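What follows is a set of notes on a single structure, which appears directly below.
The values are calculated or read from the model by the stated rules, or taken from the named source; none is laboratory data. Predicted model, so just to flag it, every value in this text is computed and none were measured. Here the Cβ is made from the backbone with ideal geometry for all residues, glycine too, and neighbour counts use every protein chain on show.
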Amino acid sequence: MHDISAHVAHHAPPTSFIRKHIFSLDHKVIGKQYYGLAFVAVLVGMFLSWLMRIHLGWTNYAIPGLHLLSSNGAPGNVMTPEFYLQLMTMHATIMVFFVLTTAPFAAFGNYFLPIQVGAEDMPFPRFNMMSFWVTFVGFVVLVASFFVSDGPTLGGWTQYAPLSAVGPVGGPGEGTGVVLWAASIAIFCVGQLLGSLNFITTTLDMRTRGMSLWRLPLSAWGWFITSCMGLTAFAVLMPGCILLILDHVAGTSFFVPSNLVINDQLQPHSGGSTLLWQHLFWFFGHPEVYIAIVPGMGIVSHVLITNMRKPMLSHRVLVYSFAALAVLSYMVYGHHMFVSGMNPVSSLAFSFPTLIITIPSTIIVLIWLGSLYGSKLRINTASLFSLGFISMFISGGVSGFFLAQPSTDIMLHATYFVVGHFHMVMGVAAMFGIFAGTYFWFPKMFGRMMNETLGKLHFWLSFVGTYAIFMPFHYLGMAGNVRRYQAFAPDYMQRLIPLHQFITVAALLTGAAQLIFVYNLFYSRLRGEPASDNPWQGTSLEWSTPTTPPPHNNFGDKLPEVYHDPYQYGVESSMGDYVMQASSEKVKTVSDEA
Amino acid sequence: MAKLFAVTIFVIAILSAIPILQHTWWMAPDISTHGAPIDEQMSETMAEAGISFLASQIILAFFIWRFANPRPGEKLKNFPGGAKTMLWAGFLLVGAEVLALGLFGVKAWANIYFVPPAANAMPVQVQAGQFAFYFRYPGPDGTFGSIHPDLLSEANQNFFGLDPDHDPDAKDDIVTAEMAIPVNREIHLLMHSKDVGHSFFVPELRVQQDFVPGLDLSLHFTATKVGRYEIVCTQLCGLGHYNMKAYLSVLSQEEFDNWLRKQAALQ
Amino acid sequence: MATTFHEPPQIEEQRNRSRRARDSGNGGWRNSVPTDGQLRVVQEYAPPPASTGIWVALAAISMSFAALTSALVVRKGGALDWRHFTLPSILYLNTLLLLASSVTLEISRRRVAAFMGGVRSSVASPAPWLYITLALGLLFVTGQYIAWLQLRAQGLYLATNPSSSFFYVLTAAHALHVFGGLGGLVRVIHRLNKSVLRRSTLDATSRYWHFMDVLWIYLLLLLWAKL
């Protein structure tokens, strides 16, 4: 019996409704709250994308009811150019921050990291609770920008200066909306820093007896490495946002140079550097996209292993590769700035680490593929989404070869090729990681299985649908279709409009298919088949909890002791072809560690 | 279902490759002197990316086909060579190749950015502003007049903020809303932004470069084919970003001289 | 208000500086990894979470100030409008106050450590020194505010010049974090008075406070050199 009271700020099981469900210190509740936030955010973000796609296919179409979303953005229900850009900015910001950082990392990580390391909770439960509510406030502040008189900011999620910094004179969408955007993101950063604090200390200090670092499941490694990235990346974006707000409202000139003339008026700023914003933003921005994908890689690895009944070809190589991605991610950010006016030597300098980062990415994919070889692959919704993740990551990844070189980037920068690239890796692969995690862990979180038929239907429609949507983006990009255009005015883009219309139809259909998932979530929550403690015959500690869902302190009276490596599949034990980490049974084990 | 999934992956991979191989939607033909290395880089990268894409998707599909839903009694197997094979493949096959790509690509980039403009390159200035491009030719004196931001006024059509009354260099400057250049003549393009960030992109010319407010950048290039092309803005600059474009006419030297004369008369 | 001398504050396990493997004690249970009946020594010692946590927090704070530093360097080097001004002299006094507060905090911390270690011969209470630290910290923040007032009197506001902009931003960011440290000190005092202070809490809070000191010296040098 371990006395871990010294390590954990013990919190007794809550009794009041508020303490149980609203201001909860329990990492499991916090994880579910984050999932709920991401869920709402993804529905909003997806809805915005539908509006955007309809407009792109049929620019003058009057979308019924659109005028309800904005007082002046849709006269006669036809979207104005600025409203399109505002919707686009909000779509991107909501998706990148409140879905892709929140769901795979904050939601699943909060729920499962303490359990997978064998702890009762995270060491700073109050900070953890704060991290959720701070993130929530960030979301509210962002959405509030829909309700100010000149609407949300239209500068893209990248908010390049000086457009973002000069204030309302820059045009509609450059007023209060920018301040709300920057404030929302700064608040979000604080929330995530509090989260990273907990994740790192949990992984380093809260592991139960026998849980060495190398015995951690890959999902835990994914969350740990991501939280290290988050710590450094969010800490840089936050001051950047503060400086942007100051330029916008306080007349400073961090990012606004002299002699700008807007609307025939000379602007009062002077001396600032627009490239400075880009450097600060992308120093955060590139690690951010790895923050969005690495948890998914961890989750997918974990789900696949359970369903392959076989550990990865090399557990250590995967971990080292995740870590290599994290470290290299800080050295590549300039590839977003190849033609930005930055010193062309810097462009070359940044391209080499960018090309080198292909190596760990490739090794990860090859390890996954190599592990599939000779496995006993079980097909269920979770494993399908995991395999889909691999396919999407390959597709999204190879387009990176083009964007990693400045010379080819000349033709592809700011075109739909880039949009296709990041949607495949983030909008699809990372989302598939979230789906895989959901279908896999739903039984543990709610004690019920999700409906497999609906799940598989959701998978098929999503897999085919997202390829139909995003593969053509690459063709559009090769043809020179510029991004962030609300309509295609240049002559040479006219012939691309039918392809846009095809994409729109695919997007609306695939979007509709997501409603199957929504229905499945709610239906299964209420009426799903009751789940056992270990429906997938998994080995890691989350499957060793005494009850399902786990009790308040995760493991009841006694914390587990870990006897085995995380993925002892393909062994002969009393339970079958696997032995659980917490089981003291002696079996001939399968391991690539000595 | 696994076999259907495997076939689906295979089909999608092949279908995705077809428009690329057929160049169904593709870059416009190159009309520049520096574009050939870029196009070559593009082809090499496409070959490498394409092979990696097809190979990995097909392997994924094959492994799903072969190893899903195993027969009872089938044993687990390890990939021959284990992780070491993957490490070698990762470092050698892909790593060395992408680095080679990168090294060869240096030339394509260096050609554009590390070679100074020729001494007799024709200077043209382009100014980007919300939401139009304006161009300026220095006129017979070969010198551009200074830009006075306080005089800049769209309302008065003083797009460059010139002060011809006090600035002799500005007297003969020719300001136009369309750009024209003589074919086979190197152009030294001076880039200036009046307000926010913009970008100058002409796909046929293999040129894309952001304007940086506060920083005067320049590019140089030579067009080899007469024709009418479009310059589009690719850096989000506000609501009119989608409509911010200008025509670029590449003319024979004689036609260009005529055009310039006509424009000068309109000042 | 005074600490009770009769009951030592409730302590957690002694902080173990030994690098040798241990079978029990703080984190010791991670040393022995049961595997097929055999114990394998894997890891020696896990620090209390507060200790790891504070290093994590300091890493994040360092990154934020690194970002601001690079913004300053780029902004100064990129344009010709940087105007130097003389730093208000009260800043130097404030620095001494902050340094003194680190000294008093350290005195207090060692007294608590001795007390917890059972060295009852120590009659000096740690509490007064904590209060002095708190007071010095508050004086520091007040002094920073006075520095702002002095700058304002010279006509140097936030947007007057990039140099003044950075002065206000850097000192404000630092002061904000100092407030966090003051909050931590209040918490430590509160717990000491209720005899539930953990050694790790005190150590983490002190580490944070000393870092505020080091950070301030760095900022002062940066401002002095660049402004």
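Quick notes on this structure:
- In the stretch B:252-261, the count of residues that are among the basic types (Lys, Arg) and either over 25 Å from residue B:34 (Cα atoms) or touching a helix residue (DSSP H, G or I) at 6+ places or on another chain (Cβ under 6 Å) (or both) is one or more.
- In the condition set (1) more than 9 Å from every other protein chain (Cβ to nearest Cβ); (2) not in a helix (DSSP H, G or I), residue B:51 is compliant with all but (2).
- Residue B:84 satisfies every condition listed in (1) modelled with pLDDT of 90 or more; (2) surrounded by 16 or more Cβ atoms within 10 Å (Cβ to Cβ); (3) closer than 23 Å to residue A:311 by Cβ; (4) not aliphatic (A, V, I, L, M) except (2).
- Residues of the stretch A:368-384 satisfying the condition of being facing chain B (nearest Cβ under 7 Å), assigned to a loop (DSSP other than H, G, I, E, B) and not aliphatic (A, V, I, L, M): A:373, A:374, A:375, A:376
- On inspection, residue A:299 passes the criterion of being part of a helix (DSSP H, G or I), buried (at least 24 other Cβ atoms within 10 Å of the Cβ), at pLDDT 95 or above and not acidic (Asp, Glu).
- Residues that are buried (at least 18 other Cβ atoms within 10 Å of the Cβ) and either of a type in the set (Lys, Arg) or not in a helix (DSSP H, G or I) (or both) within the stretch A:521-534 comprise A:528, A:531, A:534, listed in sequence order.
- Residue, surrounded by the most Cβ atoms within 10 Å (Cβ to Cβ), within the stretch A:363-390, restricted to residues that are among the hydroxyl-bearing types (Ser, Thr, Tyr) and under 18 Å from residue A:298 (Cβ atoms): A:386
- Residue selected from the stretch A:259-298 under the condition out of contact with any helix residue (DSSP H, G or I) (no Cβ under 8 Å at 6 or more places or on another chain) and hydroxyl-bearing (Ser, Thr, Tyr), by the criterion farthest from residue A:386 (Cα to Cα): A:270
- Within the stretch A:334-361, residues that are at positive phi and within 9 Å of chain B (Cβ to nearest Cβ) sit with their Cβ atoms under 9 Å from residues that are surrounded by fewer than 18 Cβ atoms within 10 Å (Cβ to Cβ) and among the hydrophobic types (A, V, I, L, M, F, W, C), at 6+ positions apart or across chains, in these pairs: A:341/B:215; A:341/B:217.
- Total residues in the stretch B:198-207, condition within 15 Å of residue B:241 (Cβ to Cβ) and at the interface with chain A (Cβ under 9 Å from one of its Cβ atoms): 2
- Single unsatisfied condition, residue A:417 versus (1) facing another protein chain (nearest Cβ under 9 Å); (2) crowded, with 24+ Cβ neighbours inside 10 Å: (1)
- Tallying residues that are more than 17 Å from the chain's Cα centre (by Cα) and within 7 Å of chain A (Cβ to nearest Cβ) within the stretch B:208-239 yields 6.
- Looking only at the stretch A:385-402, residues that are more than 7 Å from chain B (Cβ to nearest Cβ) and over 17 Å from residue A:360 (Cα atoms) come to 3 in all.
- Checking residue B:70 against (1) in contact (Cβ under 8 Å) with a residue 60 or more places away in the chain; (2) within 20 Å of residue A:313 (Cα to Cα); (3) within 7 Å of chain A (Cβ to nearest Cβ), the condition it does not meet: (1)
To keep it simple, each residue is scored yes or no on (1) facing chain B (nearest Cβ under 8 Å); (2) under 20 Å from residue A:520 (Cα atoms); (3) buried (at least 18 other Cβ atoms within 10 Å of the Cβ).
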{"position": "A:434", "(1), (2), (3)": "no, yes, yes"}
{"position": "A:445", "(1), (2), (3)": "no, yes, yes"}
{"position": "A:454", "(1), (2), (3)": "no, yes, no"}
{"position": "A:462", "(1), (2), (3)": "no, yes, yes"}
{"position": "A:479", "(1), (2), (3)": "yes, no, yes"}
{"position": "A:483", "(1), (2), (3)": "yes, no, yes"}
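- Within the stretch A:556-582, residues that are at positive phi and within 12 Å of another protein chain (Cβ to nearest Cβ) have Cβ atoms under 7 Å from residues that are aliphatic (A, V, I, L, M) and part of a loop (DSSP other than H, G, I, E, B) in these pairs: A:570/A:590; A:570/B:76, counting only partners at least 6 apart in sequence or on another chain.
- A search for C-beta distances below 9 Å between a residue of the stretch A:226-242 that is closer than 14 Å to residue A:323 by Cα and any residue that is acidic (Asp, Glu), counting only pairs 6+ apart in sequence or on different chains, returns A:229/A:288; A:230/A:288.
- Residue match in the stretch B:56-73 (condition: among the charged types (D, E, K, R) and either over 30 Å from the mean Cα position of the chain (by Cα) or under 23 Å from residue A:465 (Cα atoms) (or both)): yes
- Considering residues of the stretch A:122-175 that are hydroxyl-bearing (Ser, Thr, Tyr) and surrounded by 24 or more Cβ atoms within 10 Å (Cβ to Cβ) only, the residue nearest to residue A:199 (Cα to Cα): A:131
- Condition met for residue A:210 (surrounded by fewer than 24 Cβ atoms within 10 Å (Cβ to Cβ) and either out of contact with any strand residue (DSSP E or B) (no Cβ under 7 Å at 6 or more places or on another chain) or farther than 20 Å from residue A:255 by Cβ (or both)): no
- Single match in A:72, A:60 (criterion: surrounded by fewer than 19 Cβ atoms within 10 Å (Cβ to Cβ), polar (S, T, N, Q) and in contact with a strand residue (DSSP E or B) (Cβ under 8 Å, 6 or more places away or on another chain)): A:60
- Candidate set: the stretch C:75-89, residues that are buried (at least 17 other Cβ atoms within 10 Å of the Cβ) and either among the hydrophobic types (A, V, I, L, M, F, W, C) or not in a helix (DSSP H, G or I) (or both); chosen: the one nearest to the other protein chains (Cβ to nearest Cβ): C:79
- Of residues in the stretch A:214-236 being of a type in the set (A, V, I, L, M) and facing another protein chain (nearest Cβ under 8 Å), the one farthest from residue A:276 (Cα to Cα): A:231
- Of the criteria (1) acidic (Asp, Glu); (2) in contact (Cβ under 8 Å) with a residue 24 or more places away in the chain; (3) within 30 Å of residue A:71 (Cα to Cα), which one residue A:264 fails: (2)
- So residue B:142, is it out of contact with any Gly (no Cβ under 8 Å at 6 or more places or on another chain) and buried (at least 16 other Cβ atoms within 10 Å of the Cβ): no
- Residue within the stretch B:96-118 that is exposed (fewer than 13 other Cβ atoms within 10 Å of the Cβ) and over 30 Å from residue A:349 (Cβ atoms) present: no
- Subset of the stretch B:173-191 (residues that are out of contact with any Ser or Thr (no Cβ under 9 Å at 6 or more places or on another chain) and surrounded by fewer than 21 Cβ atoms within 10 Å (Cβ to Cβ)): B:174, B:175, B:177
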